[in-house]
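Q: The following block contains the structure, expressed as structure tokens.
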Amino acid sequence: MAVAAARMGPDEDFAELFEAHRVRVIGLCRRLLGSGEQAEDAAHEVFLRAHRRRQDFDRSRSFSSWVLTIATNYCVDVLRRRSTEARIFGTDAAEQVAVTPGEVGPLGILLLHERQQELRDAIHSLPHKYRVPLVLSVYHDQTYDEIGRALGVPRSHVALLIFRARQQLRRSLSPTLDTDGRRQ
């Protein structure tokens, strides 16, 4: 695989890289875009862009970091387009119901799955400027420095964006808490 990344010339080598990194790229796109179908489409576009720009690949970086940066940038562009379309055409936000899982059992498992879906929905409802760094940090274990390089912002700004994302998540998931996290 490293040999393929070093050469990255023939299409056969790129096909190996595609297969090796496809799942991570789709996962990142799914987390950022909120849809499995859109993630598949985005992943194909990401690898198409990577293939077209393979001569720009910096061999001192890992292929994984390079292609995930392309995926992040592509998804941010998609989110910006969505935001613009939403301002022009208007969209309604879905209501969220707070559910706390009870005891373990079929009902408890169902409630747990609903809570997990609520968390995914809450993450998806974050503005993309908060969602992208949060997803890269939490779900893809990227450092603040890596996220900053991918987004073109300083490390301190990444920390602030993630902090604000977590604040918004707390507010949306716990409507009975005030802005300081205390019960009202």
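Q: I'd like to check something: does segment 86-98 contain any residue that is surrounded by fewer than 17 Cβ atoms within 10 Å (Cβ to Cβ), at pLDDT 85 or above, over 25 Å from ASP145 (Cβ atoms) and of a type in the set (Lys, Arg)?
A: Kept after step one, since they are surrounded by fewer than 17 Cβ atoms within 10 Å (Cβ to Cβ), are these residues of segment 86-98: 86-98.
From the residues that got through so far, the ones that are at pLDDT 85 or above too are none.
Taking every residue of segment 86-98 in turn, none turns out to be surrounded by fewer than 17 Cβ atoms within 10 Å (Cβ to Cβ), at pLDDT 85 or above, over 25 Å from ASP145 (Cβ atoms) and of a type in the set (Lys, Arg).
Q: Can you tell me which of ARG80, ARG31, ARG54 is over 23 Å from ASP13 (Cβ atoms), surrounded by 15 or more Cβ atoms within 10 Å (Cβ to Cβ) and of a type in the set (D, E, K, R)?
A: On the way: ARG80 fails: surrounded by 15 or more Cβ atoms within 10 Å (Cβ to Cβ); ARG54 fails: over 23 Å from ASP13 (Cβ atoms).
When all the criteria are applied, what remains is ARG31.
Q: Looking at PRO106, PRO127, which one is at pLDDT below 70, at negative phi and exposed (fewer than 14 other Cβ atoms within 10 Å of the Cβ)? Reasoning before the result, please.
A: On the way: PRO127 fails: at pLDDT below 70.
Criteria check complete, one pass: PRO106.
Q: When the residues of segment 34-45 are narrowed to those that are of a type outside the set (Asp, Glu) and at pLDDT 85 or above, which ends up nearest to the chain's Cα centre (by Cα)? If you could, list the steps in order and put the result at the bottom.
A: From segment 34-45, those of a type outside the set (Asp, Glu) are 34-36, 38-39, 42-44; that's our starting set.
Adding the requirement that they be at pLDDT 85 or above leaves 38-39, 42-44.
Values: GLN38: 12, ALA39: 10, ALA42: 12, ALA43: 12, HIS44: 16 Å.
Only one residue fits best here, namely ALA39.
The values are calculated or read from the model by the stated rules, or taken from the named source; none is laboratory data. Source: prediction; values computed, not measured. Note that each Cβ is placed from the backbone with ideal geometry, even for glycine, and that neighbours are counted across all protein chains shown.
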